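Colleague: Right, I'll just put the structure down here and ask away after.
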Amino acid sequence: MAEATDRRDAQSFEAGGSNRPKPVTTLRGWLDHLAASGRLAVARPDLALSFEIAAVAKRLDGRKATLFPRPGGHPIAVVSGLVSDRQWIAEAMGVEPHEVLARFQEAVLHPLPCREVGNAAAQEVVHRDVDLTRQLPVPVHNEHDNGAYITAGLLIARNPATGVQNVSIHRLQVSGPDRLGALLLPRHTNTFFEVAEAAGQPLDVAIVVGVDPLTLLSSQAIAPIDFDELTIAGALHGAPLAVVKCVTSELRVPADAEIVLEGRLLPHLREPEGPFGEFPQYYGERARRHVIEIAAVTHRTNPLFHTIVGGGLEHLLLGGIPREATLLSHLLRSFPNVRDVHLALGGVCRYHLHVQIAKRQEGEAKNIMMGAFAGHYDIKQVIVVDEDVDIHNPAEVEWAVATRFQADRDLMVVSESQGSRLDPSARNGVGAKMGLDATKPLDAPDMKFKRIRVPGEDAVDLGKVLVPGEDWRGILRTGAP
Ligand code: MN
């Protein structure tokens, strides 16, 4: 009964409405929530910034977030592993796990403009004399990383043509006291920078470290240009996000952030960056890349420095869930019978897509594969299954492939197409796409693909039907416990 009621309530996501839990709006509130449920580990002070913090965070990946007081003797604490499970993201949103994509899609459809404030916790302390190596505890994560990297920084920039802000996360190598090396993929920040650089101008940027999990998730939305991702965060929070003007530029940053680095992407300058351990579990190569000069660092009193360990679950899930929501919306435009999508963990939450459909027509699985490949160039493999297969369970999807798929008729391969540059098996980002139709034929006889089921398995109350088993020999002798 309770479940049926929950499902009905789930049709509307009005924040604060009915008796649904409220979304989490601050990093500190989220840490309280994790601590209260036994999911915040606290390390002893003074763990080393090189590898030791990443090692502990990675060992607890998927189970606990970790707080590192006085890392390497630095007064600013480090925190990692804020979201390492889909269930945690659902909790932060105040929904059930099966509602996460729908909630995110709704926030993208109904974004809330930010609310500007005059005073902000994020600017309680202002350093205009910048020395990143001294002022911030930036860890070194993977074995061959080129050094300390800021990995959880939301980079905010403004479209020089329209003034609309953009948010994205970039790996940021600490290259000097006031210098960062940045990897800019060919998306929005890079487009703005190309405009500025063509005019010989720097591009103002702000790098925000230490925000709540929903703002982090919003930063990863695959949104069109001139769609401020912070407005998605407002919608997920159920209230406009408070922002404050930077002390050295016109950019607006989340007022509740822990730490903000203000600076400029410099024109006509590239310096060595990398290698750095990336989400596919390989190193992104060293190359000459963009340079950011930092003009000011502002932060809260006693701030927290958030770090994401490259290749960990936090890294994978933060990228994966907004992509799933975008791909689902994209597929639903042409295929209303698509029920759900999932970017599998083994496919690094980017490359392998599982699609669940209510099949109506032979052949449509292949059309859906083509739609998915067109939805994002990172997609390398698509497996389409029926509604009775749990696409979040890799063993179920493999079972569908094992019993409903024949390679000579159900496999589609597209050669020499655009893929991920971070996939080491691709040649310069060019590779093959593979689609597997693991759906049942519509005209199959009723019993042929009928899944076996034991009646009552789900409903049986084990507490009522089982007895202690230590004296099983005695029970066999007397016939009674
Ligand atoms: Mn964008």
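Colleague: For the stretch 297-342, which residues satisfy the criterion of being among the aliphatic types (A, V, I, L, M) and part of a strand (DSSP E or B)?
Modeller: Scanning the stretch 297-342 gives V297, L304, V338, V341.
Colleague: With V355, V309, V414, V382 as the choices, which residue is in contact with a helix residue (DSSP H, G or I) (Cβ under 8 Å, 6 or more places away or on another chain) and under 30 Å from S50 (Cβ atoms)?
Modeller: Details: V355 fails: under 30 Å from S50 (Cβ atoms); V414 fails: under 30 Å from S50 (Cβ atoms); V382 fails: under 30 Å from S50 (Cβ atoms).
The conditions single out V309.
Colleague: For the stretch 233-245, which residues satisfy the criterion of being within 16 Å of the ligand (Cβ to nearest atom) and either part of a loop (DSSP other than H, G, I, E, B) or surrounded by fewer than 19 Cβ atoms within 10 Å (Cβ to Cβ) (or both)?
Modeller: Correct list: L241 only.
Colleague: For the stretch 90-124, name all the residues that are within 15 Å of T215 (Cβ to Cβ) and touching a strand residue (DSSP E or B) at 6+ places or on another chain (Cβ under 8 Å).
Modeller: Listed by number, the residues that qualify are C114, R115, A120, A122.
Colleague: Give me the pairs, please: first residue somewhere in the stretch 41-64 and closer than 18 Å to T151 by Cα, second residue anywhere and modelled with pLDDT of 95 or more and of a type in the set (F, W, Y), beta-carbon distance under 7 Å, and either six or more positions apart or on two chains.
Modeller: Within 7 Å, the pairs are I53/F68.
Colleague: When I89 is evaluated against the numbered criteria (1) closer than 21 Å to V138 by Cβ; (2) of a type in the set (A, V, I, L, M, F, W, C); (3) surrounded by 15 or more Cβ atoms within 10 Å (Cβ to Cβ), which criterion, by number, is the only one it fails?
Modeller: That leaves (1) as the condition not met.
Colleague: Within the stretch 211-232, work out how many residues are part of a helix (DSSP H, G or I) and within 13 Å of the ligand (Cβ to nearest atom). Let's see the steps before the verdict.
Modeller: Going residue by residue through the stretch 211-232, those that are part of a helix (DSSP H, G or I) are 213-218, 230-232.
Okay, now just the ones that are also within 13 Å of the ligand (Cβ to nearest atom), so 218, 230-232.
The total comes to 4.
Colleague: Further question on the same structure: Any idea how many residues of the stretch 427-447 are part of a loop (DSSP other than H, G, I, E, B), surrounded by 11 or more Cβ atoms within 10 Å (Cβ to Cβ) and modelled with pLDDT of 95 or more?
Modeller: 4
Colleague: Quick one: how many residues across the stretch 157-176 are over 17 Å from V260 (Cβ atoms) and either of a type in the set (D, E) or more than 16 Å from the ligand (Cβ to nearest atom) (or both)?
Modeller: 4
Colleague: Which residues, counting only those in the stretch 184-210, are assigned to a loop (DSSP other than H, G, I, E, B), within 16 Å of the ligand (Cβ to nearest atom) and hydrophobic (A, V, I, L, M, F, W, C)? Reasoning before the result, please.
Modeller: In the first step, residues of the stretch 184-210 are kept if they are assigned to a loop (DSSP other than H, G, I, E, B); the result is 184-187, 199-202, 210.
Checking which are within 16 Å of the ligand (Cβ to nearest atom) leaves us with 184-187.
Correct list: L184, L185.
Colleague: Right, G147: surrounded by fewer than 23 Cβ atoms within 10 Å (Cβ to Cβ), touching a strand residue (DSSP E or B) at 6+ places or on another chain (Cβ under 9 Å) and closer than 25 Å to E314 by Cα or not? Even if it seems obvious, please write down each step before you answer.
Modeller: Numbers: surrounded by fewer than 23 Cβ atoms within 10 Å (Cβ to Cβ): yes; touching a strand residue (DSSP E or B) at 6+ places or on another chain (Cβ under 9 Å): yes; closer than 25 Å to E314 by Cα: yes.
Considered against the rule, which asks whether it is surrounded by fewer than 23 Cβ atoms within 10 Å (Cβ to Cβ), touching a strand residue (DSSP E or B) at 6+ places or on another chain (Cβ under 9 Å) and closer than 25 Å to E314 by Cα, G147 comes out as yes.
The values are calculated or read from the model by the stated rules, or taken from the named source; none is laboratory data. The structure displayed is predicted, hence computed values, not measured ones. Note that each Cβ is placed from the backbone with ideal geometry, even for glycine, and that neighbours are counted across all protein chains shown.
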